[in-house]
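To start, the structure itself, in C-alpha cells.
The values are calculated or read from the model by the stated rules, or taken from the named source; none is laboratory data. This is a predicted model, so every value here is computed, not measured. Cβ placement follows ideal geometry from the backbone for every residue including glycine, while neighbour counts extend to all protein chains displayed. The accessibility values were calculated without ligands, DNA or RNA, using every heavy atom of the protein model including side chains. Shrake-Rupley method; radii C 1.70, N 1.55, O 1.52, S 1.80 Å.
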Amino acid sequence: MDLNNLLTETRNPKSANIDELSTLDMLKVINDEDKSVAFAVEKILPEIAKAVDVVAEKLAAGGRLFYIGAGTSGRLGVLDAAECPPTFGVDCDMVEGVIAGGTDAIFKAVEGAEDSLTLAEIDLKKRNFSNKDVLVGIAASGRTPYVLGGLKYARSIGATTIALACVKNPKIAEFADISLNPLTGAEVITGSTRMKAGTAQKMTLNMITSGAMIKLGKVYGNLMVDVKTSNEKLIERAINIVMTAANATREDSEKALKEANYSAKLAIFMLITHSSLEVSQNILKAAPNLKEALKKYE
C-alpha cells in the first residue's frame, strides 16, 4: 500500500508548526483551511447535479439509496441516511448507510473490516440490494477495499454506482457511473481525513439527499413539509411550517394538523383550499408535490 501519492496524505506546509502555536492561532489555521472546503465542493457541482438527478429518478421509481464506507466515511453515510426519515418523512429503508464492521463500527473502530474486498457484497446482499438501487461508495483516499468491493458488486448486477473521494483519479471511480472528487488537499493534521475531506464528504452527501428530496416534492418553497412529527420539537416545527405556508393562525394550524394526523403538507393544503380531509388527500396523492396539487385545485 503506497499512500505517498495521495493528495489527502501529503503534508500541509501551512500547519507544519501548529504544535507550537497558541490555541487561538492554532484554531485560525484550522479555520482557514476549512474555508477552502466549500470551494472544492463548488468545483464539482455539475457532477453532484448528475448524482442528484439519478438518485431522484431511482427513488421515484421505487429504488433505494445506499451509502457504503469505512471509518469516518462510513459514519458520515450512516449519519446522512439517519437524518432523512425525520427531515423528509421517508421510510427508514429508502436511504441506508452501510459501514464496514457493522453497527459496532459506528462507535468504535473495527480493525481490518475495511480491508476486505468481499465483505461489502455480503452486507449488500443482506439488505436485498438490487439493480433498482443506487450505491454511493465513500472513501476519502479513493482506494478502500471494502468500498471497492461494494461498487464492483453493484456494477456487476446493473445497479447505478457513484464514487465519492477526495483525490484525483480514485481507484473506486473504476466501478462508478459518476465520480465525485472534491479535492480538499492536505489536511491540517497529516492524513487525518476526518477533517477537510470529511467535511467535503458531508457537504456532498447533504446535497445528494436534500437535492433528491426536493425533486421528489418533499419541500414546499424551502419548507420541509414532510417533516416527521415524532417529538415535541418536530411538532412545534410542523406548526410553524403550516402557519408560514398557509398564512394561518397558530390555532387554525394546530387544528388542521391534528385533523391531518400531523401531516404538515396535508394541513397546508386543507387550510389554503378550505377542502375536506378526504378531498385534500386524494388531490395530494395524485400530484407530484404540494405546488402542483394546489395548481390542480385551482
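Peptides 161-171, 258-268: what's the order by average Cβ count within 10 Å, highest mean first?
161-171, 258-268
Ligands, DNA and RNA aside, Met270 has an accessible area near 20 Å² when probed at 1.4 Å. The Cα-based radius of gyration of the range 1-82, divided by its Kirkwood radius, gives an Rg/Rh of 1.10. Between Ser275, Ser73, Ser22, find the one with the highest GNM mean-square fluctuation for the chain; connect C-alpha pairs within less than 10 Å. Sorting by GNM fluctuation, first place goes to Ser22.
Computed with a 1.4 Å probe over protein heavy atoms only, the accessible area of Thr160 comes to about 20 Å².
Residues of the range 86-164: accessible area per residue at 1.4 Å, in Å²?
Accessible area per residue, the range 86-164: 44 Å².
Share of carbon and sulfur in the accessible area of the range 8-88 stands at 57%, probe radius 1.4 Å.
In terms of its C-alpha gyration tensor, the range 96-170 comes out oblate, because a/c is 1.5 or above while a/b does not outweigh b/c. Electrostatic tally near Ile30: other residues with Cβ closer than 15 Å to its Cβ, Lys and Arg +1, Asp and Glu -1, net -2. Taken over the range 11-62, lysine pairs spaced eight or more positions apart, or on distinct chains, with alpha carbons under 27 Å apart number 8.
The aspartates and glutamates within cross-link reach of Lys202, meaning a Cα-to-Cα straight distance under 17 Å and a gap of 8 or more places when in the same chain, are Glu33, Asp34, Glu42, Glu47, Asp80, Glu83, Glu96, Glu187.
For the range 116-262, which whole-number percentage of the solvent-accessible area (1.4 Å probe, protein heavy atoms only) is attributable to carbon and sulfur atoms?
That fraction is 48 percent.
Determine the shape class of the range 147-198: with a ≥ b ≥ c the square roots of the Cα gyration tensor eigenvalues, call it rounded for a/c under 1.5, and otherwise prolate if a/b is greater than b/c, oblate otherwise. It comes out prolate by the Cα gyration axes. The listed residues Arg250, Arg11 rank as Arg11, Arg250 when sorted by accessible area, largest first, using a 1.4 Å probe.
Taking the longest Cα principal axis of the chain as reference, the axis of helix 23-42 is set at about 70 degrees. Cross-link reach is defined here as a Cα-Cα straight distance under 17 Å, omitting same-chain residues fewer than 8 places apart; for Lys296 the lysines meeting it are Lys265, Lys285. The spacing between the range 73-112 and the range 185-238, judged by their C-alpha centroids, is 13 Å.
Only one of the listed values, (i) 51; (ii) 61; (iii) 48, was derived from the coordinates as percent of Cα pairs over 26 Å apart; which label is it? Computing percent of Cα pairs over 26 Å apart and matching it to (i) 51; (ii) 61; (iii) 48 gives (i). The angle separating the long axis of helix 250-259 from the principal Cα axis of greatest extent in the chain is about 90 degrees. Comparing mean-square fluctuations of Asn12, Asn181, Asn231 from a GNM of the chain with C-alpha springs under 10 Å, the top value falls on Asn231.
Largest GNM mean-square fluctuation across Asp252, Asp34, Asp123, computed for the chain with C-alpha springs under 10 Å, falls on Asp252. Can you give the local net charge around Ser15? Use residues other than it whose beta-carbon is closer than 13 angstrom to its beta-carbon, Lys and Arg +1, Asp and Glu -1. Neighbour charge sum, excluding Ser15 itself: -3. Only aspartates and glutamates eight or more places from Lys215 in sequence, or on another chain, were considered; those with a Cα closer than 16 Å are Asp53, Glu57, Asp226, Glu292.
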